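The values are calculated or read from the model by the stated rules, or taken from the named source; none is laboratory data. Source: prediction; values computed, not measured. Cβ placement follows ideal geometry from the backbone for every residue including glycine, while neighbour counts extend to all protein chains displayed.
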Amino acid sequence: MKTDAEEFDVIVVGAGPAGSSAAFTLARAGLTVALIDKASFPRFKLCGGLFTERSMSYARDIFGAGILPPIARSFDTISFWHEGRELAVLRDVPPLHLTMRVDLDTDLFRRAINAGAIDVTGQPVASVQGATVTLRSGATLTAKVLIGADGVNSIVARALFGAPFDKGRIGFGLEIEAPPNALDPTPLPLRIDFGAAVWGYGWSFPKRNTTTIGVGGLHAPNPDMKDHMRRYLRGFGLDPDAVPIKGHYLPFGDFRPVPGRRNVLLAGDAAGLVDPITGEGIAFAMKSGHLAALAAIDALSANRPDAALPRYQSSLRDMHRNLRIARTLRHIIFAPRWQKAFTSTFQRSGTVRSQYMRLLAGEVEYPQLARNVIARLPRYVMNGMRR
């Protein structure tokens, strides 16, 4: 720890996109804030690293211009596959940016520290009690408000609720980083494979010095996720035994309706704020971290730290509504019974493909998408019954 101070206005646990967004916002407002993370930065983070225009918009709102690391790759073409067959290639789509999380997270973390947040990285947390954090080093930090932005395995969520997530509703993903010489020399497009896992999908995200390849879906119906991953890798001509495969849980839309308790708030993956259809988590992480910080600022300005949670929960209302609608629509896209009907419709319908891409880019939200889906539902159901 780089300061002897132990009392802060706000403590933020976790220095990923959610935590750094929160710490940056708090520090810019003149509050004292400790930014804690078990890792020292830069650090590796397992993630597809998809940074959409939605992410770009939120980042500009929070941090200002020039947010994307310069080594990111941007694509305006994406291919969609199902069962080894290409469904469609979409060109001239809204830009999709691919970045390594080690670069993105380091950039956001440095912005938070430069804004005035106190660097408490490389310090694992031993315990959390209310807004008091004890580090494994023995140091104890206290604050008026605590923001837990420490990922899907959140120690803050565990302290509040006994478990960081519901094992019956969580998702799970497996990924590799394939070096350029491991793949066909022909440049690969950004690719998504519907049905590569049950209630999930596969992805291939080419970056500057690596290609992130993975599969993910709901955890419970995929006890054989490793087999799905091995088959998926073989489809790219890769030997599954020749590359290290890493796994991680995915909240996948299983958000907490009450994201905290009193003066303790949860943001990002710790609050389950991951899109259950696209898998996008970076945008919601930054946005929720920012909103949690604003709630803390308002509560402390009123000298009512316990008011932080209701203020924060109210600000998440639209995000929660979108995630609820997305969980319903997920049945149409990923349920095994309807998978072939959906992919057939996706292949034939330019409207469906366009709506999906506009959703991914942040140009359309789920209420509007749901209205469009309902309009097409009778034909979709008939196609599903025929199959």
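Points to keep in mind about this one:
- For the residues 151, 138, the requirement of being assigned by TED's automatic domain parsing to the domain that holds residue 46, in a loop (DSSP other than H, G, I, E, B) and over 21 Å from residue 265 (Cβ atoms) singles out 138.
- Applying the criterion of being of a type in the set (Ser, Thr, Tyr) and surrounded by 18 or more Cβ atoms within 10 Å (Cβ to Cβ) to the residues of segment 319-349, the residue that is farthest from residue 272 (Cα to Cα) is 345.
- Flag if residue 93 is in a strand (DSSP E or B), within 24 Å of the chain's Cα centre (by Cα), assigned by TED's automatic domain parsing to the domain that holds residue 161 and not polar (S, T, N, Q): no
- Residue match in segment 28-36 (condition: in contact (Cβ under 8 Å) with a residue 12 or more places away in the chain and within 21 Å of residue 274 (Cα to Cα)): no
- Yes/no for residue 327 being on the phi < 0 side of the Ramachandran plot, of a type in the set (Lys, Arg) and modelled with pLDDT of 95 or more: no
- Boolean, residue 256 is under 24 Å from residue 8 (Cα atoms) and touching a residue at least 24 places away in the same chain (Cβ under 8 Å): no
- Residue within segment 235-256 that is crowded, with 18+ Cβ neighbours inside 10 Å, closer than 24 Å to residue 155 by Cα and in contact with a Lys or Arg (Cβ under 6 Å, 6 or more places away or on another chain) present: yes
- Only one of the listed residues (193, 184, 239) is among the charged types (D, E, K, R), modelled with pLDDT of 90 or more, assigned to a loop (DSSP other than H, G, I, E, B) and not assigned by TED's automatic domain parsing to the domain that holds residue 109. That residue is 239.
- Of everything listed in (1) exposed (fewer than 14 other Cβ atoms within 10 Å of the Cβ); (2) in a loop (DSSP other than H, G, I, E, B), the single unmet condition for residue 60 is (2).
- Verdict on residue 247 being within 18 Å of the chain's Cα centre (by Cα), touching a residue at least 40 places away in the same chain (Cβ under 8 Å) and more than 24 Å from residue 168 (Cα to Cα): no
- Scanning segment 251-290 for residues that are at pLDDT below 95 and part of a strand (DSSP E or B) yields nothing.
- Total residues in segment 350-369 satisfying the condition of being β-branched (Val, Ile, Thr) and either surrounded by 17 or more Cβ atoms within 10 Å (Cβ to Cβ) or in contact (Cβ under 8 Å) with a residue 60 or more places away in the chain (or both): the figure is 1.
- Residue in segment 110-131 that is surrounded by the fewest Cβ atoms within 10 Å (Cβ to Cβ), counting only those that are β-branched (Val, Ile, Thr) and closer than 11 Å to residue 13 by Cα: 121
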